[in-house]
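Take a look at the structure below.
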Amino acid sequence: MLGLEELGKKLTEAGRLKLRPLCVYGTDEISEGAIPSYKVARCVAKAIYTSALFEETPPIYIEARHEQCCAGGMAWMGLAEPHPKLKYFVTVGTPDFHGGAAEHLKATPELFDEQRERAGKILPHGKYTVIAPCTYNLAPETVRSFIVFAGSEQIRNLCGLAQFSSS
């Protein structure tokens, strides 16, 4: 079985990735050297991207009590219930929430509700969700998923890797 660091190197090489791959796992204890994601960025997605982009970024963790994190990211990670008006903020806006600001990620609030219903209940794998570089000292069996940032050619390479030994 490959170690996590070797697996990360192979993913980077085979996919010709420009940013380092990250692994995601759940734990009930904060990992040594990990910092809360909001210390990198309020937006969980931005904190994760920063971690992939800058090698000096330590592992980051997210937990349900992190009020400094974006409420939308916390909801999509299963760590908080979404604000009842979030569906307006991510679609068309409403004057009585964030001054009518809208991200226009979905066409209508109803589509947002449908997407949330189809996703089902999202459950974290521990008290803390940790995103760490594959160079971090982890047992490979603890990793639940990998995050890679890739352009179209890199995605093609990774898809080819997934089908490499199969017809």
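The values are calculated or read from the model by the stated rules, or taken from the named source; none is laboratory data. It should be emphasised that the depicted structure is a prediction, and the values quoted were computed from it without experimental measurement. In this analysis, Cβ positions are derived from the backbone assuming ideal geometry, glycine residues included, and neighbour counts consider all displayed protein chains. Keep in mind that these areas ignore ligands, DNA and RNA; they rest on the heavy atoms of the full protein, side chains included. Shrake-Rupley method; radii C 1.70, N 1.55, O 1.52, S 1.80 Å.
Structure above, values below:
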item	result
Residue within the stretch 1-12 that is open to solvent by 90 Å² or more (accessible area, probe 1.4 Å), aliphatic (A, V, I, L, M) and within 21 Å of E141 (Cα to Cα) present	yes
Qualifying residues in the stretch 110-121 (those that are open to solvent by less than 70 Å² (accessible area, probe 1.4 Å) and part of a helix (DSSP H, G or I)) - the one farthest from V44 (Cα to Cα)	D113
Every pair of residues 6+ apart whose Cβ atoms lie under 8 Å, when the first sits in the stretch 110-131 and is within 27 Å of L53 (Cβ to Cβ) while the second is modelled with pLDDT under 90 and of a type in the set (S, T, N, Q)	Y128/S31; V130/S31
Test result for I30, open to solvent by less than 40 Å² (accessible area, probe 1.4 Å) and either part of a loop (DSSP other than H, G, I, E, B) or not charged (D, E, K, R) (or both)	no
Total residues in the stretch 1-29, condition more than 19 Å from G151 (Cβ to Cβ), modelled with pLDDT under 90 and not charged (D, E, K, R)	5
Matching entry among A162, A132 (being more than 17 Å from M77 (Cα to Cα) and not charged (D, E, K, R))	A162
In the stretch 75-109, residue least open to solvent (accessible area, probe 1.4 Å) [restricted to those that are without any contact (Cβ under 8 Å) to a residue 24 or more places away in the chain and of a type in the set (D, E, K, R)]	K85
Pairs, first free of Cβ contacts under 8 Å to residues at least 12 places away in the same chain in the stretch 1-12, second surrounded by 13 or more Cβ atoms within 10 Å (Cβ to Cβ), C-beta under 8 Å, six or more apart	T12/R20; T12/P21
Out of C134, C70, C159, sole residue that is open to solvent by less than 50 Å² (accessible area, probe 1.4 Å) and either free of Cβ contacts under 8 Å to residues at least 12 places away in the same chain or out of contact with any Gly (no Cβ under 7 Å at 6 or more places or on another chain) (or both)	C70
Residues of the stretch 122-167 classified as farther than 12 Å from Y25 by Cβ and outside any loop (DSSP other than H, G, I, E, B), total	12
